[in-house]
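Okay, so here's the structure we're looking at.
The values are calculated or read from the model by the stated rules, or taken from the named source; none is laboratory data. If you're wondering where the values come from, they're calculated on a predicted model, not measured in any experiment. In this analysis, Cβ positions are derived from the backbone assuming ideal geometry, glycine residues included, and neighbour counts consider all displayed protein chains. Calculation scope for accessible area: heavy atoms of the full protein, side chains included, ligands and nucleic acids excluded. Shrake-Rupley method; radii C 1.70, N 1.55, O 1.52, S 1.80 Å.
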Amino acid sequence: MEFKLIIKKLNNTLTEEEHVLFESWYQESQKHRDYFERVKNHYSESIEDIDIDKEAAWKILEENIKGISKQSSSLWKYAVAAIVVVMLSVPLYMKFLKSTTPSQEFVTTNIFPGVDKAILTLEDGTQVALENGANYEKENVESDGEKIIYKAQSKKNNAVVYNTLNIPRGGEFSMELSDGTKVRLNSETRIKYPVNFIKGRTRQVELVFGEAYFEVSSSSENGGSKFVVLNDNQSTEVLGTKFNIKAYKDESLIYTTLAEGQVQVENGVSKYVLAPGEQTMLNKKTKEINKTMADVDAELAWIHGDFMFNKKPLIDIIKVLSRWYDVDFVLEGESIKHQKFNGQLSRKQNLEVILELIKTTEKLESYEIKGKTIILK
């Protein structure tokens, strides 16, 4: 039976003939009835609201749920646009994959998505592993394994003490600085920051490398103090705003994207003031910096638990996947490196689910998993 009939049943839009087909399938076994209940529990969107090629999309969805990957198709754009971007508001497709039995879904490996974890390095060099289930508390800092929070110290002390937080591949973490600024840190990221800010002085942190999303406590709440994010190639000054900086070691460009408020980005040569929705791109080699409009949803998708690729070549996509899943990719063949893909995918699913979706396109023939190495052909 077509999976679409289940959705039409939930929407009460079955024709008389379709109703007969559905009832026949439903009464056939307890397994079918349990299957229907799982879908019903996670359903949240009508297929009639999906304004794209529904027939193509549902065909891909049905094949993926059944674990069918042998039928090659060029419907990647539909599979991602219809199934993953819309994703029935995400819950149906993703929760269904999580709740089905191994025989009903992809046969997955042990390559799981990233988790909350970090390494805290104190001023004296002591390192503390922060991970789920492990609490840490010392003076004005505490962590529950999912985030780390610094509390402002009332005592007057002009000595600046720095901590460093390292997020490894396969990890992410949240922190709250002593001024109330909230920071979300992506995989393979390092940030250096004061344990306590000194009143009247610029609040300054260093994004050594990686990606971080900042929700900065306003200057009015901190005695007028500016907030500045430094890295090797630029400085970003804010008064109170939400923005993202992506500055990975293995990438030639640094992206600063503004979601709310206003920031000023400079590199010693050029200076730009950003409005919401704008972005600067700094070339680390040439030091040239340019301002453009940004796809803010795509740039910030990671903090909402998603990957979002808009005409991204495979060579760039695997960089993102390798950081989050802590794996290495090998591309066999020069042509596939530059194949471009569109789509939004949950970061909370196993890697092989994503690989199977990519495989539905004619642009990728197959993949092979050898331990922590993924070979794409």
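Would you mind working out the accessible area per residue for the stretch 273-333, using a 1.4 Å probe, and quoting it in Å²?
46 Å²
What is the ratio of the Cα radius of gyration of the stretch 193-293 to 2.2 N^0.38 Å, where N is its residue count, to two decimals?
Relative to the 2.2 N^0.38 Å estimate, the stretch 193-293 comes out at 1.03.
Sequence gap at least 6, Cα distance under 8 Å: using those rules, report the relative contact order of the stretch 218-377 to the nearest whole percent.
RCO, the stretch 218-377: 14 percent.
Under the 0.36 nm per residue contour assumption, what length would be gained going from the current alpha-carbon distance of residue 132 and residue 201 to full extension?
21.4 nm
Would you work out what percent of the accessible area of the stretch 109-257, with all protein chains in place, is carbon or sulfur (probe 1.4 Å)?
Carbon and sulfur together cover 43 percent of it.
To the nearest 0.05, how large is the calculated FRET efficiency for residue 112 and residue 34 if R₀ is 35 Å and r is the Cβ-Cβ distance?
My answer for the efficiency is 0.85.
Output the peptides 223-236, 266-279 sorted from most to least packed, where packing is the average of other Cβ atoms within 10 Å over each peptide's residues.
Highest to lowest by the protection proxy: 223-236, 266-279.
Taking the Cβ-Cβ separation of residue 368 and residue 158 as r and a Förster radius of 41 Å, what is the calculated FRET efficiency to the nearest 0.05?
Once rounded, the FRET efficiency stands at 0.10.
Between residue 337 and residue 269, what length comes free when the chain is fully extended (0.36 nm per residue of separation minus the Cα-Cα distance, one decimal in nm)?
Difference between extended and current length: 21.1 nm.
Distance cut-off 20 Å, Cα to Cα: go down the list 147/242; 31/359; 319/340; 246/291; 192/226 and report the pairs above it.
Check vs 20 Å cut-off fails for 31/359.
Highest mean first, how do 118-126, 170-178 rank when packing is the count of other Cβ atoms within 10 Å averaged over residues?
170-178, 118-126
Please compute the length gained on full extension between residue 139 and residue 251, using 0.36 nm multiplied by the number of residues separating them and subtracting their Cα-Cα distance.
Between residue 139 and residue 251, full extension yields 36.6 nm more.
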